[in-house]
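Single-structure report; data block below.
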Amino acid sequence: MKPLSGSSIRRAGPADMNGLLHLLGILFRIENDFTFEPARQRAGLSMMLDNDRGILLVAEKKNRIIGMCSGQLLVSTAEGGLSLLVEDLVVDTPWQGKGVGTALLTAVQNWGKEKNVLRLQLLADRSNTAALNFYHSLQWRQTELICLCRQSTPTP
């Protein structure tokens, strides 16, 4: 994975949990649909670390995690193959606008290419103008699809 000036991008590991939680706290303060609940996010991150159909990347500088991005493989009936759902792209505030997000997104896209992904997709908060402008600058386009959500009740 291509390093940034004085930093690197790598797969996340269990020792990165506190840094990942810090970043999700930043992200969830921006997104209207989610609440930061560290125990829940820790559980989700642990599942991502064990997910053989996904990747969780971190950007690191001087042994400090400054950004993260995850991706998960899905089967797309529309494409007749795999698609990559990109999630949790977040860069710590002092590092925003310095190429970290672009490097993370490029790295997750490259991982998708290795898996023969035919389409990439992501969700962004409609009120997060900075993120939407960032994605548009990288040639991501808005679709006519909307996201709907419903909580599921686990079976005992």
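A few notes on this one:
- Only listed residue being free of Cβ contacts under 8 Å to residues at least 24 places away in the same chain, farther than 21 Å from Trp140 by Cβ and within 15 Å of the chain's Cα centre (by Cα), chosen from Gly44, Gly54, Gly19: Gly44
- Hey, Ser46 small (Gly, Ala, Ser) and touching a strand residue (DSSP E or B) at 6+ places or on another chain (Cβ under 7 Å) or not: no
- Only a single criterion out of (1) under 15 Å from the mean Cα position of the chain (by Cα); (2) open to solvent by 60 Å² or more (accessible area, probe 1.4 Å) is not satisfied by Ile65, namely (2).
- Qualifying residues in the range 27-41 (those that are under 21 Å from Thr102 (Cβ atoms) and surrounded by 15 or more Cβ atoms within 10 Å (Cβ to Cβ)) - the one nearest to the chain's Cα centre (by Cα): Leu27
- Annotation for the range 97-120: at least one member residue is exposed (fewer than 14 other Cβ atoms within 10 Å of the Cβ) and either at pLDDT below 95 or under 22 Å from His22 (Cα atoms) (or both).
- Looking only at the range 93-109, residues that are under 14 Å from Ser7 (Cα atoms) and touching a Lys or Arg at 6+ places or on another chain (Cβ under 9 Å) come to 4 in all.
- Any hit, the range 32-48, residues being among the hydrophobic types (A, V, I, L, M, F, W, C), under 19 Å from Leu104 (Cα atoms), at pLDDT 90 or above and in a helix (DSSP H, G or I): yes
- With respect to the conditions (1) at pLDDT 90 or above; (2) among the basic types (Lys, Arg); (3) part of a loop (DSSP other than H, G, I, E, B), Arg126 falls short on a single one, namely (1).
The values are calculated or read from the model by the stated rules, or taken from the named source; none is laboratory data. All values derive from a computational prediction rather than experimental measurement. Every residue, glycine as well, gets a Cβ built from its backbone with ideal geometry; the counts of neighbours run over all protein chains shown. Side chains included, ligands, DNA and RNA excluded: accessible areas come from the protein's heavy atoms. Shrake-Rupley method; radii C 1.70, N 1.55, O 1.52, S 1.80 Å.
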